[in-house]
């Protein structure tokens, strides 16, 4: 499903700083003029070093923070207008880094119900939504368990279900996979991809894992509070030196082929995954066979 | 395992007492307390004890388990009994050494002991048969009228339930910090009680800092999920009175009347 060209989030010349705590210290600049458009149904990955402003940007997107200059418009609602705050937060759900610190309920299904309860949804409807959301993320059998008995990946899936129950149009994951083991990361990403492809939910995913960035429709690189690069994963990662210069990494496979190219081979520069690599190698072998 | 600790000493079961509405149970235990304090009649108090033992029996909680709550107050009971027996004015019964035991003193001691026993058994039966979650729900619903005089009822209930949610998380964290500090050479096992208490400061400080950080995270997460206090909030699970509640409260009221009869007769 692709609702191309309909804007989900529009950021225009956004500036943001954190107020200085004491008189003699300076304000901490976090966002220095960001222009970004997120389309409906898009899977966008934000990359950037620690302290580059990714998290701040995410919080600006669901009115947890308000821009000091410029505007953020979510689904047609300006975040600066107080009246819009709850409409925006209903449409844009957020999953945070630490799985333990965002689960409110004492039982999994209670936690999933927390969002719709806040929205004042009638009890029977909440029940329906909770069951449906837990089914979507594949956690139905854990509905009556206490959250502290779940694994990290499972907790994050519960957090996602809690947002789904509010029927959002966009989910933002603020480094939600960074505290998970590879297995948990895969679980969460599978759910995200399914939501994005099948339900058409817009996903904004902040991550340090380049393999995850390869799954995106679009990647934006944030550095020093600005978006300095934007494009498809292939476009972004083909500039291996540029990416490394920003203190980031490229996917392992890309790096292998980059090093091979340095040695004089001529492989394409947009190889991101093992599957890509396999295809290219097979092609090359076929060419050789014909050549012989 | 830390995760297996039962919170609030809930004893899982499927009895009538377990199934009864938390509001009914809370009100009943409060009524029992009031009666036990109001009456001065020995027969009434004994009936109250019999009644609470019967209630424990109906809940299928082992009697020894239900009386566990009495252990910590045993000293208090003994203390009051001794004081009452030896230091009450009244008709002297017999004298040991220089202490005179009065008839009234003995009676008063028995009454106080009975009173405390019923009090503890009654209230622990509520916590034994109700999950902490239902208990907070029940308390919130019961305190609802206080909202009119601006008591933050919803907030209190929310705090209680969040506290319950984070008990296992913080327990685990405490264990982690203890291990981390032990690895750095901290000694928690030697020395007298004061030294031991002091040695826990390196555990408490990081624990507090992390608890505040968690609170901050949780507040942000709650806000981003549209939490804005109790107003216009609905609940998925509604507390509902059933036939069981009718039967349970009926039996209870009958018991109360029985307890009060000797009070009026003598």
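What translational diffusion coefficient, in µm²/s and rounded to a whole number, does the Stokes-Einstein relation yield for the range A:58-113 at 4 °C and a viscosity of 1.567 mPa s, taking the hydrodynamic radius as the Kirkwood radius over Cα pairs? Each step should come with its number before you reach the end.
On the way: Rh = 12.6 Å.
My calculation gives 102 µm²/s for D.
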Any chance you could give the angle, 0 to 90 degrees and rounded to 10, that helix B:132-143 forms with the longest Cα principal axis of chain B?
70 degrees
Counting alpha carbon pairs within less than 8 Å and at least 6 residues apart, what relative contact order, in whole percent, applies to the range B:68-191?
16 percent
Rounded, prolate or oblate for chain A? Axes are the square roots of the Cα gyration tensor eigenvalues, ordered a ≥ b ≥ c, and the cut-off for rounded is a/c under 1.5.
oblate
What translational diffusion coefficient, to the nearest whole µm²/s, does the range A:251-292 have by Stokes-Einstein, given a Kirkwood radius computed over alpha-carbon pairs, a temperature of 25 °C and 0.890 mPa s viscosity?
231 µm²/s
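Quick one: if you take sqrt(5λ) for each eigenvalue of the C-alpha gyration tensor of the range B:43-99, what semi-axes come out, biggest first, whole angstrom?
Details: eigenvalues 209, 46, 11 Å².
Listed largest to smallest, the semi-axes of the range B:43-99 are 32, 15, 7 Å.
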Of all DSSP beta bridges with both partners in the protein assembly as shown, the antiparallel percent, nearest 5, is 60 percent
Whole angstrom only: what separates the Cα centroid of the range A:97-153 from the Cα centroid of the range B:86-105?
64 Å
The protein assembly as shown: C-alpha gyration tensor shape, a/c 1.5 cut-off, then a/b vs b/c
prolate
So how long is each side of chain B along the principal axes, counting just the alpha-carbon atoms, biggest first, in Å?
67, 56, 38
Taking a ≥ b ≥ c as the square roots of the Cα gyration tensor eigenvalues, with a/c under 1.5 meaning rounded and otherwise prolate when a/b beats b/c or oblate if not, the range A:154-292 comes out prolate
Quick one, can you get me the convex hull of the C-alpha atoms of the range A:211-270 expressed as volume per residue in Å³?
76 Å³
By count of other Cβ within 10 Å, fewest leading, how are A:141, A:175 ordered?
A:141, A:175
Give me the inter-chain shielding for B:236-242: mean count of other chain Cβ atoms within 10 Å, whole number please.
4
Tally the DSSP beta bridges in chain A and give the antiparallel ones as a percent, rounded to 5.
55 percent
Taking the Cα atoms of the range B:145-224 alone, what are Rg (to one decimal) and Dmax (as a whole number) in Å?
17.6, 55
Alpha carbon centre of the range B:147-196 versus the range B:199-266: separation in Å?
19 Å
With axes computed from alpha carbons, what is the tilt in degrees of helix A:182-194 against the longest principal axis of chain A, rounded to the nearest 10 within 0 to 90?
80 degrees
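Computed from the coordinates by the stated procedures, all read-outs in this text should not be read as laboratory data. Since this is a predicted model, take the numbers as computed values, not measurements. Ideal geometry is used to build each Cβ from the backbone, glycine not excepted, and the neighbour counts take in all protein chains shown.
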